[in-house]
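Peer 1: Before anything else, here's the structure in question.
The values are calculated or read from the model by the stated rules, or taken from the named source; none is laboratory data. Not measured: the values here are computed from a predicted model. Positions of Cβ are backbone-derived with ideal geometry, glycine not excepted, and every protein chain shown enters the neighbour counts. Ligands, DNA and RNA are stripped out before the accessible areas are found, and what is left, the full protein with its side chains, is counted by its heavy atoms. Shrake-Rupley method; radii C 1.70, N 1.55, O 1.52, S 1.80 Å.
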Amino acid sequence: MMPGSVVYLDNNATTALAPEALDAMLPYLSGLYANPSSAYGPAATAKKGVAEARAAVAALLGCSPAEIVFTSGATESNHAAILGALSAASGKRHLITSQVEHPSVLLMCRHLERLGMEVSYLPVDSEGRLDLATLPSAIRPDTALISLLWANNETGAIFPIPEAAAIARSRGVLFHTDATQAMGKIPMDLRQVPVDLLSCSAHKIHGPKGVGALYVRKGLTLPPLFHGHQERGRRGGTENVPAIVGFGVAARLHDELEREMRRLAALRDRLERGILAFMPCAQVHAQDTPRLPNTSNIGFATLDGEELLHRLEQAGVLASAGAACAAGGHEPSHVLTAMGLSKTSVLASLRFSLGRYSRAEDVDHLLRVLPSILLKLMDVPEIIARETLSCAH
Ligand code: PMP
C-alpha cells in the first residue's frame with residue numbers, strides 16, 4: 001500500500017523506493033558529497049560506494065562490473081546504445097527493432113528516419129509474440145543494430161532475447177535489448193546470453209529515479225553519448241553517487257528472484273481469476289505467451305478505460321491505461337494496436353502491475369471495488385445478479 005492507504009498497482013510505471021535503498025543513499029546526500037574523481041580521502045568513500053553498486057548491478061545481470069556503465073536511466077541507455085552503434089558502424093544506416101518498443105526507442109527511431117536512416121519494425125501477433133523467423137530476413141548488409149525489448153512494459157510479454165541475440169551474433173550484427181522491465185523480474189545471466197548492449201533502470205526495481213545502466217559487453221567500444229572521463233570515458237558527467245548507491249542496494253534486494261516470481265504470479269493469477277469470474281468477457285492480453293509474473297493487461301470489453309481508471313482511483317486503486325509515458329495523451333496504446341486490437345478494445349484496456357510491496361489484500365481490495373464500478377459503467381443496475389453480467393451489456 002502507498003501512504004494514505006492507496007493500493008498501488010502501477011509498478012511498471014515506477015516503484016516505491018526501498019527503505020534499504022533510501023537509508024544507504026542518505027549519507028551521500030549529506031556529508032559524503034565528495035566528487036568520486038577527486039584525489040582526497042572522502043572521495044575514496046564515494047568511489048567505493050559507486051564500485052559496490054556496480055558490482056551489485058552486475059551480479060543481478062550476470063555480468064562483470066567492468067561491463068556496467070551508469071547512466072541517468074533507461075532512456076539515456078537506449079539512446080547511447082542506438083546512437084553509439086550507428087556512429088561505430090560508419091556507413092551503416094539501417095536499424096531493426098519491433099513495433100512494440102518503449103517510446104524512448106521508437107521516438108528515437110522516428111527521429112533517425114527523419115535524418116535519413118532506415119528502420120525495420122518487426123511485427124508481433126495477437127499475443128504480443130515476436131516471430132523470430134522474421135528477424136534473419138530483416139537483416140541487411142548495412143544493418144548497424146538490432147534493438148528489441150526483453151519484456152514489454154505494457155503487456156509483460158517476454159521476447160525470446162537469447163535466441164534473437166544468437167541470430168544477430170551469427171550474422172555479425174550488434175544486438176541491444178531494453179531490459180528495463182525484465183531486470184529483477186525474471187532471471188538473467190548475460191554470461192549465457194549473447195547480447196552486446198542492455199539497458200536498465202533503477203526506479204523499476206525499487207531504486208531511485210534518474211539512474212540506470214547500460215551494459216556494454218567486454219571488448220566492445222562505442223562512441224559515448226556524453227563525452228568526459230567518467231565511467232572510463234564511456235559516459236561523461238559527475239556520477240550521481242547517491243542514486244547509484246541506491247540502485248546498487250535495490251539490485252541486491254532481488255536475490256530471491258525465483259520465490260518472488262512465484263509469489264507475484266500467484267497474486268497476478270488471483271487478480272485475473274477474480275476479474276474473469278465477475279466479467280467473463282474481459283480479455284487478458286498476452287496471456288498465452290511467456291510474460292512477466294507481475295503484469296496483467298486486461299481488456300474490459302467496450303468500456304471506457306480512462307473512466308474506469310478514474311473511478312478506480314476514487315476507490316483507492318492506482319493502475320494504468322497503457323504506458324505511464326503515454327498516459328494523458330489519449331493515444332491508443334501502440335503495443336495493443338500492433339497486436340491487432342480494435343481502437344475500442346485498446347481504449348478499454350488497463351494495466352495492473354505488481355511489485356515487491358504488493359500483497360493479497362491489495363488485490364482483494366481491487367476485486368472488492370471493481371464489480372460495482374463495472375456495473376455503473378455498463379449501466380447495469382446493481383440489483384441484477386452477478387451471473388447475468390455478460391458482454392451483451
Ligand atoms: N524502457 C522501458 C521498457 C520502460 O518501461 C521504461 C520506463 N517506462 C524506459 C525504457 C525508460 O526508463 P527511464 O524512466 O529510466 O528513462
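Peer 1: Convex hull over the Cα atoms of the chain, averaged projected area in nm²?
Peer 2: Its average projected convex-hull area is 19.7 nm².
Peer 1: Taking the dipole about the Cα centre of the chain, with the C-beta of Lys and Arg at +1 and of Asp and Glu at -1, give me whichever of Val119, Tyr40, Val363 is farthest to the positive side.
Peer 2: Final value for the positive-end residue is Tyr40.
Peer 1: Something else: Testing the spin-label approximation: label points 7 Å from Cα along Cα→Cβ at Arg259 and Arg359. State their distance in nm.
Peer 2: Those two pseudo-labels are separated by 1.8 nm.
Peer 1: Quick one: accessible surface of Phe159, probe radius 1.4 Å, all protein chains present, in square angstrom to the nearest 10.
Peer 2: 10
Peer 1: Between segment 257-319 and segment 3-42, how many Å separate their Cα centres?
Peer 2: 30
Peer 1: Could you tell me the relative contact order of the chain? Use alpha-carbon pairs under 8 Å, at least six residues apart, and round to a whole percent.
Peer 2: This gives 23 percent for the chain.
Peer 1: Rounding to the nearest 20 debye, state how big the charge dipole of segment 76-143 is about its Cα centre with +1 on each Lys and Arg Cβ and -1 on each Asp and Glu Cβ.
Peer 2: Charge dipole, segment 76-143, about its Cα centre: 260 debye, nearest 20.
Peer 1: Taking every DSSP beta bridge with both residues inside segment 67-149, roughly what % is antiparallel (nearest 5)?
Peer 2: 10
Peer 1: Rolling a 1.4 Å sphere over the protein heavy atoms, what is the accessible area per residue of the chain, to the nearest Å²?
Peer 2: That works out to 42 Å² for each residue.
Peer 1: Which percent of the accessible area of the chain is formed by carbon and sulfur heavy atoms (probe 1.4 angstrom)?
Peer 2: The value for the chain is 56 percent carbon and sulfur by accessible area.
Peer 1: Here is a follow-up. Which distance in Å, rounded to a whole number, links the C-alpha centroids of segment 220-234 and segment 47-113?
Peer 2: Each part reduced to its Cα centre gives a spacing of 12 Å.
Peer 1: Give me the net charge of Arg263's neighbourhood, meaning all other residues with Cβ under 13 Å from the Cβ of Arg263; Lys, Arg count +1, Asp, Glu -1.
Peer 2: +2
Peer 1: Order these peptides, 149-157, 30-38, by their mean beta-carbon neighbour count within 10 angstrom, highest first.
Peer 2: Descending packing order for the listed peptides: 149-157, 30-38.
Peer 1: Which entries of Lys48/Lys92; Lys204/Lys343; Lys343/Lys376; Lys185/Lys218 have Cα-Cα distances beyond 30 Å here?
Peer 2: Violating the 30 Å limit, Cα to Cα: Lys48/Lys92.
Peer 1: If you add up the charges near Ala44, with Lys and Arg at +1 and Asp and Glu at -1, over every other residue whose beta carbon is less than 14 angstrom from its beta carbon, what do you get?
Peer 2: Around Ala44, the surrounding residues sum to 0.
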